[in-house]
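The values are calculated or read from the model by the stated rules, or taken from the named source; none is laboratory data. In this text, all values refer to a predicted model and were calculated from it rather than measured experimentally. Cβ: placed from backbone, ideal geometry, glycine included. Neighbour counts: every protein chain shown. Protein only, heavy atoms only, side chains kept; ligands, DNA and RNA dropped before computing areas. Shrake-Rupley method; radii C 1.70, N 1.55, O 1.52, S 1.80 Å.
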Amino acid sequence: MKAINYALKHTKKHATKVAVVSALSLTLTACGGSSSSSETPAQPTASPMAKYQGVWLAPSYGKGIDIKNNELTLFDYTQDFCFVDEEFDDLDANDIANAFNLSDDELQLEQKEGYGAGDIYAPGAIFSKEESMPASCAQGFMRQLGDDDFTLNVEQDLAYFYQTFKEFSVSIELQQVDWENLYTTAQQKLAAEPTEAVLMDVLVDMIRPLKDGHTGLGGDLEISFPNKPYFTLRLFNEFLEMNELTHIENVFQEQAAITYIREQYNLVNEIIADNADSDTDIKIDDSENLMWFEVDGIGYLQIAGMDGYANDDDNAEQLANLDSALDQALTDLQYTQGLIIDIRRNMGGNDFISLAIASRFIDQQLFAYQKQARLGDSRTAIREVYISPRGNIQYLNPIVLLTSATTLSAAEVFTMTMKNLPQVTLMGEATQGEFSDVLEKTLPSGLNFGLSNEYYLTTTGDWLEGQGVPVDIELPTFSKAERLAEVDLILEAAFNLLSAQ
């Protein structure tokens, strides 16, 4: 089933670990991992590194940073557990400054690594200076895969998994899950057969009722249970029904299912493209994320993803490429009487990309949304997110924004932001309801897992996790009947609405 899982996976926004590791890794690659050997080391008390020394914690993310001299340790912790996440050495002050912003008593993740670039910023985790390590780390870091003296302990893996969710997950609250009962059941099953296979089974059983595509197992959350089926899952279920199957039984059926999904995706692309007067009217940017054309004074702009505008994780390059593509698209569409923006199959990426795109449709500063994280039985302080007009062209005419249950993650941040604009009408289906960044963790035995620990709120304080952003005009999206008839009823309705204005 690996191929099927790959076909169903979606892009996640950067988690805390990814942002830190990416920032430091890029810095070390650029500078060779240390300062020039020709420089005379400064005295410890006068060293630029001095202000970074010590322990910095982000309690609502269970993340910590320990900086000693030129070494940095990123670690994960809960009430009873403490594990190394990543280690770096031979760092200098420039390396740290490229990864973090230092502001008074707070060491904040640098906005350009994982959370933004230039003047576009999406809030991430904040690490505050502490006098000592967390109590669970006081005796040193616990053994894990890769350590010489590590011994597999599936009961410990389960306990750490349980405690991580108990302390950080917002999905437990949202779905009203009896987490204690799920843990007790898992303990009993694992005690009867303490193997890695059974551990995986009980972990799957624990996350299934959380109904969150940003909660799952594996590096890309290959095993997750979204609250609403993505378009690919709908197509997969169609394949099973058409072939009178309850599940995939062999590699031939698996390949046939993948082929069917690809054919249907291509069919949708063709149906949309058929709305253009000719193929030569359709333009696509270099990243193939943006596609646009004009028909009878109405513009169409498809945004396929909120990531992938550059070949690596250089956010400044991503933003520059995005800006260039948007300049071209909006130059072509600037004189249309209305614009359709289609994000029905946009499965997210990075919030700062969403904000950068939304900034092209405003003429003054806009309050976009609010964000906070779970902190035990309470929450962190609310952080308000604002955007200002950017770029060479602002499009201010009426807009119809097309969404579906496959609009998720950073694409929902875009939707939530655009919904604040009076000239925007939302049409289609409510979005998925997966707003939180993925908080990435790793079991001692090496299995990666992720969960949602953040609250994204509208400007009026509504929490839409699990529900999604509601639409103004509700219509089904990409139904089988529509695809058989080779029509896109929502797109037709959008054209009609804008043409009548």
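Less than 12 Å Cβ to Cβ from Tyr77, Lys/Arg counted +1 and Asp/Glu -1: what total charge do the surrounding residues give?
Working: positive: Lys63, Lys441; negative: Asp66, Asp76, Asp80, Asp85, Glu130, Glu167.
With Lys, Arg at +1 and Asp, Glu at -1, the net is -4.
Provide the net charge surrounding Trp292, with neighbours chosen by a C-beta distance below 11 Å and charges set as Lys +1, Arg +1, Asp -1, Glu -1.
Numbers: positive: Lys283; negative: Asp281, Asp285, Glu294, Asp332, Asp342.
Summing Lys/Arg as +1 and Asp/Glu as -1 gives -4.
How big, on average over all directions, is the shadow cast by the Cα convex hull of the stretch 400-501, in nm²?
Working: hull surface 34.5 nm².
Directional mean of the projected Cα hull area for the stretch 400-501 stands at 8.6 nm².
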Val204-Lys189 pseudo-label distance in nm [points 7 Å out on the Cα-to-Cβ vector] | 0.9
Fraction of beta bridges assigned by DSSP in the chain that are antiparallel (%, nearest 5) | 75
Which helices, taking whole DSSP H runs in the chain, have alpha carbons extending 27 angstrom or more along the helix axis plus mean Kyte-Doolittle at least -0.5?
-> 251-273
Of 350-357, 84-91, ordering from highest average Cβ density within 10 Å down gives 350-357, 84-91
Rg/Rh (Cα only; Kirkwood hydrodynamic radius) as it applies to the stretch 306-420 | 0.99
What does the convex hull of the Cα atoms come to per residue for the stretch 187-245, in Å³?
-> 117
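Over every pair of different alpha-carbon atoms in the chain, take the mean of 1/r and invert it; report that Kirkwood radius in Å. Mind dumping the intermediate values first?
Values: mean 1/r = 0.0411 Å⁻¹.
Radius from the Kirkwood sum: 24.3 Å.
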Treat each spin label as a single point 7 Å out from the Cα along the C-beta direction, and report the Tyr386 to Asn266 distance in nm.
-> 5.0
Which length gain, in nm to one decimal place, applies between Arg379 and Lys51 when the Cα-Cα distance is subtracted from 0.36 nm times their residue separation?
-> 115.2 nm
Whole-Hz couplings from phi, Karplus 6.51/-1.76/1.60, listed for the stretch 47-60; x for Gly and Pro = 5, x, 6, 4, 5, 9, 5, x, 9, 10, 10, 10, x, 6
Computed from the beta carbon distance with a Förster radius of 35 Å, FRET efficiency for Asp462 and Glu222 to the nearest 0.05 stands at 0.65
Going highest first, how would you order 457-463, 208-214 by mean Cβ packing within 10 Å?
-> 208-214, 457-463
Only Cα pairs under 8 Å and at least 6 apart count here; give the relative contact order of the chain as a rounded whole percent.
-> 16
With contacts defined as alpha carbon pairs under 8 Å and 6 or more residues apart, what's the relative contact order of the stretch 111-175 in percent?
-> 12
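Based on the Cβ-Cβ distance of Ala485 and Leu396, what FRET efficiency does E = 1/(1 + (r/R0)^6) give at R0 = 35 Å, to the nearest 0.05? Can you show the working numbers first?
Working: r = 35 Å, r/R0 = 1.01.
Efficiency, from the Cβ-Cβ distance: 0.50.
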Over the chain, with every protein chain in place, what whole percent of the accessible area is carbon and sulfur at 1.4 Å, could you tell me?
-> 47
Peptides ranked, highest mean first, by Cβ atoms within 10 Å: ranges 169-180, 117-128 | 117-128, 169-180
May I ask you to derive the relative contact order of the stretch 116-264, considering only C-alpha pairs under 8 Å and at least 6 residues apart, and to give it as an integer percent?
-> 12
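Based on the Cβ-Cβ distance from Thr151 to Leu240, what FRET efficiency comes out when R0 is 51 Å, to the nearest 0.05?
0.75
Tell me, in nm to one decimal, what length is gained between Asp327 and Glu196 on full extension, where the rule is 0.36 nm per residue of separation less the Cα-Cα distance?
Values: separation 131, 0.36 × 131 = 47.16 nm, distance 5.21 nm.
Gain on stretching Asp327 to Glu196: 42.0 nm.
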For the stretch 263-312, the Cα-Cα pair-distance distribution in 10 Å bins from 0, as whole percents, is 23, 50, 24, 2
Considering every Cα-Cα pair within the stretch 210-341, what fraction, in whole percent, is farther apart than 17 Å?
-> 71
Please give, to one decimal in nm, the separation of the simple spin-label points placed at Ser103 and Gln79, each 7 Å out from Cα toward the Cβ.
-> 3.2
Mean residue ellipticity at 222 nm from the helices of the chain, using -39,500 (n - 2.57) per DSSP H segment of n ≥ 4 over the full residue count, to the nearest 500 deg cm²/dmol?
-> -10000 deg cm²/dmol
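How many Å² of accessible area per residue for the stretch 382-465, probe 1.4 Å?
Working: 2120 Å² over 84 residues.
Roughly 25 Å² per residue, with all protein chains present.
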